[in-house]
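FYI, it's all coordinate maths here, none of it is from the lab. Quick caveat, the model's predicted, so the values are computed rather than measured. Glycine gets a Cβ as well: all are built from the backbone with ideal geometry, and neighbour counts include every protein chain shown.
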Amino acid sequence: MGHGKAQGEQKRGEYLDTFELNKFAGAILASLLLAMVLHLTSDAIFYYPKPAKPGYVIPVPSEMAAAETKKEETAPAVLPIEQRLATADEKKGEADVKPCQTCHNFEKGGVAKMGPPLYGVVGRAKGSAAGFEYSEAIKSKGKAWTYADLDLFLTNPKAYAEGTKMSFAGESDPWKRADIIAYLRSLSDNPEPLTPN
Ligand code: HEC
């Protein structure tokens, strides 16, 4: 009998063990299900349609850090044009305006070509050279050409003045732009001061 009882208890023990195990498995399954349901409902609650073209991508921190270092490596902060002008080389600028000469005259008293004559352009009212038909884009800018405005225009003419007639892609090198602007500044009987204008 005793033997039988022990066997019975053992059986019950085994049964309980399996039962315990099943309870565990059940609990795990239940929490997995719960997680899934939560995930699905949160997706449903926070659902927003993905734009065809993402307006922006939110970088994850590691990408952000990588982008930051990359930015530092490839594109150091650009100094303001007034500071770049302090060490700019107008002789280099004279060489750098070769591509501009197809369209621009740099001589004193020079006439318009495909573009307006540029002698004395620094400090001159925008779009004001006599005998040149400027676009509205330039004429509507108003004020005189400052170093900063020239720097912006020469970086990307179309970005500065949407609809400009100047079909020139732009000079992306900030130091070359400074040399060019230093050269433009020298094209005057009375060059503008180098301090911010
Ligand atoms: C393909 C011809 C072309 C090239 C190359 C070109 N330009 Fe121009 N540029 C023009 C035209 C056309 C205008 C008049 C823009 C307008 O009216 O929208 C102009 C306008 C300008 C103005 C404004 C002048 C004013 O009187 O308001 C400046 C400054 C200027 N260009 C500088 C340069 C420099 C510097 C370069 C070379 C780095 C250059 N451009 C290359 C055609 C050109």
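The simple Förster model, with R0 at 25 Å and r as the Cβ-Cβ distance, assigns residue 190 and residue 107 a FRET efficiency of 0.90. Percent of C-alpha pairs per 10 Å bin in region 81-186, short distances first: 16, 52, 30, 2. Its Cα centre serving as origin, region 81-186 has a Cβ charge dipole (Lys and Arg +1, Asp and Glu -1) of approximately 220 debye.
Residue separation of residue 92 and residue 124 scaled by 0.36 nm, minus their Cα-Cα distance, works out to 9.2 nm of gained length.
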